[in-house]
Amino acid sequence: MERGHAERLAPMVRDAIAAARLDFAALDRLAVTVGPGTFTGQRVGYAFMRGLRLALDRPLVGVTTLEAMATAAMTQAGADSAAVLHDARRGEVYVAAAGQIVVPPRIAAFDDAIRMIREAAGETRETVALAGTATDAVAAALSDWGTRLVKTGIIAPDALWVARMAHLAPEPKSIPRPLYLRPPDARLPGAPR
């Protein structure tokens, strides 16, 4: 969906609850992806879930898009680690690794992201699941690594995995905050760059 997220989100959630034959009161916990992602899409989802949290008086758990993709990839591939590299435009990627290899979510040039994964893995030669829109490029860049790489085809977070991760997370002590890895492009008139 290129446009119209704000207008479609509430009816989609209402329809999902109705299809599950549930009532909003049956929910005991809420989940939201906190990013990284597009600024507008991230804000729309985050604002909606904060409003739902207030209306229902339920805890809200934040999950990064990269964590959700990595967890799904590890399960799909039967791997102990996953690397997610996802196009962030401007010649950069969002990168994260989870499991036995840990790289916290960040934004980097592609070659720097590959270096981060190699350094985090050290001498580990276990199977690594790959996810994100840069999967083919990652597989090519790491072809000499000596580690079995499994391309999963996962290019977006799945709501089911976000829900599973939120269900297993400890009770949040605060409201999750959006994860912005780059400042927004939009600026107020006269604001410094």
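Summary table below
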{"read-out": "Selection status of residue 122, out of contact with any helix residue (DSSP H, G or I) (no Cβ under 8 Å at 6 or more places or on another chain), at positive phi and not assigned by TED's automatic domain parsing to the domain that holds residue 32", "value": "yes"}
{"read-out": "Pairs where the first residue, in region 17-33, is under 14 Å from residue 165 (Cα atoms) and the second is small (Gly, Ala, Ser) and in a strand (DSSP E or B), C-beta under 6 Å, 6+ apart", "value": "32/62"}
{"read-out": "Sole residue being outside the structural domain of residue 136 (by TED's automatic domain parsing) and either at pLDDT 95 or above or of a type in the set (A, V, I, L, M) (or both), chosen from 95, 34, 84", "value": "34"}
{"read-out": "Meets criteria (crowded, with 24+ Cβ neighbours inside 10 Å, in contact with a strand residue (DSSP E or B) (Cβ under 9 Å, 6 or more places away or on another chain) and not in a strand (DSSP E or B)) for residue 96", "value": "no"}
{"read-out": "Members of region 61-93 found to be touching a His at 6+ places or on another chain (Cβ under 9 Å) and under 28 Å from residue 29 (Cα atoms), listed by number", "value": "61, 65, 66, 69"}
{"read-out": "Single match in 158, 57 (criterion: under 13 Å from the mean Cα position of the chain (by Cα) and within 30 Å of residue 23 (Cβ to Cβ))", "value": "158"}
{"read-out": "Flag if residue 54 is of a type outside the set (Ser, Thr, Tyr), surrounded by 12 or more Cβ atoms within 10 Å (Cβ to Cβ) and in a helix (DSSP H, G or I)", "value": "no"}
{"read-out": "Any hit, region 61-74, residues being without any contact (Cβ under 8 Å) to a residue 24 or more places away in the chain and out of contact with any Pro (no Cβ under 6 Å at 6 or more places or on another chain)", "value": "no"}
{"read-out": "Residue, nearest to the chain's Cα centre (by Cα), within region 79-91, restricted to residues that are outside any loop (DSSP other than H, G, I, E, B) and surrounded by fewer than 18 Cβ atoms within 10 Å (Cβ to Cβ)", "value": "87"}
{"read-out": "Criterion violated by residue 59 - all others in (1) touching a helix residue (DSSP H, G or I) at 6+ places or on another chain (Cβ under 8 Å); (2) farther than 19 Å from residue 164 by Cβ; (3) assigned by TED's automatic domain parsing to the domain that holds residue 32 satisfied", "value": "(2)"}
{"read-out": "Residue that is modelled with the lowest pLDDT, among those in region 151-179 that are crowded, with 18+ Cβ neighbours inside 10 Å and among the aliphatic types (A, V, I, L, M)", "value": "179"}
{"read-out": "Test: residue in region 105-121 that is under 24 Å from residue 169 (Cβ atoms) and assigned to a loop (DSSP other than H, G, I, E, B)", "value": "no"}
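Rundown of residues vs (1) closer than 14 Å to residue 97 by Cα; (2) assigned to a strand (DSSP E or B); (3) among the hydroxyl-bearing types (Ser, Thr, Tyr), yes/no style:
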| site | (1), (2), (3) |
| --- | --- |
| 123 | no, no, no |
| 126 | yes, no, no |
| 129 | yes, yes, no |
| 137 | no, no, no |
| 144 | no, no, no |
| 147 | no, no, yes |
| 153 | no, no, no |
| 162 | no, no, no |
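The values are calculated or read from the model by the stated rules, or taken from the named source; none is laboratory data. Here the structure is a predicted model, which is why all the values come from computation and not from measurement. Glycine also receives a Cβ, built like all others from the backbone with ideal geometry; neighbour counts cover every protein chain displayed.
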